[in-house]
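The values are calculated or read from the model by the stated rules, or taken from the named source; none is laboratory data. Owing to the predicted nature of the structure, the values given are computational and were not obtained by experimental measurement. FYI the Cβ positions are ideal-geometry reconstructions off the backbone, even for glycines, and counts take in every protein chain you see. These area figures cover heavy atoms from the full protein model, side chains too; ligands, DNA and RNA do not enter into them. Shrake-Rupley method; radii C 1.70, N 1.55, O 1.52, S 1.80 Å.
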Amino acid sequence: MSVYLDHAATTPMLPEAVSAFTEALVRTGNPSSLHSSGRAARRTVEEARERLAAALGARPSEVVLTAGGTEADNLAVKGLFWARRAQDPARRRILVSAVEHHAVLDPAFWMAEHAGAEIVLLPVDSDGVLRIDALAAELEAHGDSAALLSVMWANNEVGALQPLADAVALARRHGVPVHADAVQAVGQVPVDFAASGLDALTVSGHKVGGPMGVGALLARRGLDLTPVLHGGGQERGVRSGTLDTPSAAAFAVAVESAVAARPTTAPRLAALRDRLVAEVRRVVPDAVLRGPADPSLRLPANAHFTFPGCEGDSLLYLLDSAGVECSTGSACQAGVPQPSHVLLAMGAGEDEARGALRFTLGHTSTEADVDRLVEVLPAAVERARAAGLSGRPRAASAAGEGR
Ligand SMILES: Cc1ncc(COP(=O)(O)O)c(C=O)c1O
């Protein structure tokens, strides 16, 4: 059995979520149908909506179910832009932090190419944290032309928690709606939609022990959001498509469990992570920890390093063949590793960025996992260094690693 240190890419489904999923899978009924089976499916979906809302500090009517985090991010960026611009044509700037996930960055760039938007990439510091002074200056100068601001709750590569409360306060003064991608934050740090003051927030099922292909956009009551998917008018017309009853049920159970368990799992994983960081530094003294050094400023289950002189992908394959699964945290394109846009935005050089490796823990992680990593890492680093930065991995990669 491999040691799995890639929970930020996806984490095993929780047993209670599997039960909810399989129970609902064998029942027939479209939640939009009016007969008994349809009404029973509708009850399952609405109960899931209530549980999701309760776990995340939202109202049930604020939960828009989607087919995952990527769709929710697309709906937020495109839906907020179109709605805000329809109210005020001068508002065409999309403000995003430079370290957003591609599920936010790419729709924003698409809107610039196809829908008359202008992108403002907000800089981060060397820890990967949004520079609030830069946001303040941007809003001061161009607040009247901003359509939306999107800043993630926590970064998926280096684990940096973002100064959301400050960002929301600033944006509010300028009438700019704020979206946060909280895909990596839920179950790791407290996430309360109402208390956050956010207008919209993204959650994904498979990062918290639920199924893949389900997620939600929490959209504040009264928020104007132009639909991206048109059809049967489900989800109050914001997101058409037959509701996925089994996924909704399992997603809700997973979020509820992950949020309820957080007060015990987060400190346990943070302690394990701290040991992982200390041990990696002991066996590879020149490994550079990326993201905030203060453990309270990063996700409890995230450790991210760059290994000088190594190609991250080579290290990944060497560790994989030694039975340890982890991630470089960034995408491959056509099998060629790309330096991470997050590390580059943090000021790392291209060569440094290419030596990145991310270890992320989750509910199944144990001390033995860390022991195994520490056992096999030095030899893998030595071999990767011998191959050097030109020693590209040979294994064919998919066009975009799961993150
Ligand atoms: C921060 C962040 N946002 C969005 C996504 C995409 O979510 P999903 O896989 O549910 O589409 C991911 C997953 O990789 C992520 O880490």
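Structure data summary
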{"item": "Debye, to nearest 20: dipole size of the chain, +1 on Lys, Arg Cβ, -1 on Asp, Glu Cβ", "result": "860 debye"}
{"item": "Heavy-atom SASA rank of Met212, Met1, Met13, Met346 (probe 1.4 Å, accessible area, largest first)", "result": "Met1, Met212, Met13, Met346"}
{"item": "Theoretical gain in end-to-end length, His174 to Val283 [0.36 nm per residue, Cα-Cα removed]", "result": "34.3 nm"}
{"item": "Most positive-pole-ward Cα, Ala182, Pro227, Val120, against dipole of the chain from beta carbon charges", "result": "Pro227"}
{"item": "Size descriptor, Kirkwood hydrodynamic radius, that averages inverse alpha-carbon separations across the chain, Å", "result": "21.7 Å"}
{"item": "Three-way shape call for region 232-300 based on the alpha-carbon gyration tensor, with the a/c threshold at 1.5", "result": "prolate"}
{"item": "Gyration tensor verdict on region 181-243 (Cα atoms; rounded if a/c is under 1.5, prolate if a/b is larger than b/c, oblate otherwise)", "result": "oblate"}
{"item": "Charge dipole (region 15-257, unit charges on Cβ, about Cα centre) - positive-most of Phe21, Ala147, Asn74", "result": "Phe21"}
{"item": "Candidates Asp294, Asp313, Asp144, ranked by Gaussian network fluctuation over the chain, Cα under 10 Å, top entry", "result": "Asp294"}
{"item": "Contact order relative to length of the chain, as percent, for alpha carbon pairs under 8 angstrom and 6 or more apart", "result": "22 percent"}
{"item": "Candidate residues Glu100, Glu375, Glu138: accessible-area rank, largest first, probe 1.4 Å", "result": "Glu375, Glu138, Glu100"}
{"item": "Ile119 accessible area, assembled protein chains, probe 1.4 Å, Å²", "result": "40 Å²"}
{"item": "Inter-centroid distance (Cα atoms) of region 190-254 relative to region 311-371, Å", "result": "29 Å"}
{"item": "Where only alpha carbons of region 144-195 are counted, the Rg and the Dmax (Å)", "result": "11.6, 36"}
{"item": "Accessible-area ranking of Ser296, Ser33, Ser97, largest first, probe 1.4 Å", "result": "Ser296, Ser33, Ser97"}
{"item": "For peptides 248-257, 83-92, sequence by mean Cβ density within 10 Å, most packed first", "result": "248-257, 83-92"}
{"item": "Only Lys, Arg (+1) and Asp, Glu (-1) charged, at Cβ; region 260-318 dipole about Cα centre in debye", "result": "320 debye"}
